[in-house]
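Working notes, beginning with the structure itself.
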Amino acid sequence: MSTDPTENDAGQHCPLCGADNHCAIAAGKNAIQCWCMRTEFPQTLIERVPAEAKNRVCICERCVQQALIGVSE
């Protein structure tokens, strides 16, 4: 398996924890169907995404929820 977060299953894994990010777009569905369209992403979480994955690979819902409640990995 590649360690490059932009190559892992066409972007279906979180660049932070490696879990399935359940991205509708990566699964070939309409963006409006994605859970992330109804979620606020803390800037501090976005800043943790590796440069090569920014705007290319989605963070998973678990990482977002942990960041929103202040839990760090």
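The numbers here are math on the coordinates, done by the rules we state, and not lab data. Just so it is clear, the structure is predicted and the values come from calculations on it, not from any experiment. Cβ sites come from the backbone with ideal geometry, for glycine too, and all protein chains shown count toward neighbours.
In this simple spin-label model, placing a label point 7 Å from the Cα along the Cα-to-Cβ direction at both Ile69 and Arg48 gives a separation of 1.4 nm. Under 5 Å between amide hydrogens, which residues at least 5 positions from His13 or on another chain qualify, with H placed 1.01 Å from N in the peptide plane? Amide H neighbours of His13: Asn21. If only the Cβ of Lys and Arg carry +1 and only the Cβ of Asp and Glu carry -1, the dipole of the stretch 8-69 around its Cα centre is close to 100 debye. Using the average count of surrounding beta-carbon atoms within 10 Å as a protection proxy, the listed peptides 34-43, 53-62, 19-28 rank, highest first, as 53-62, 19-28, 34-43. Three semi-axes describe the equivalent ellipsoid of the stretch 8-69; taken as square roots of 5 times the Cα gyration tensor eigenvalues and ordered largest first, they are 17, 14, 10 Å.
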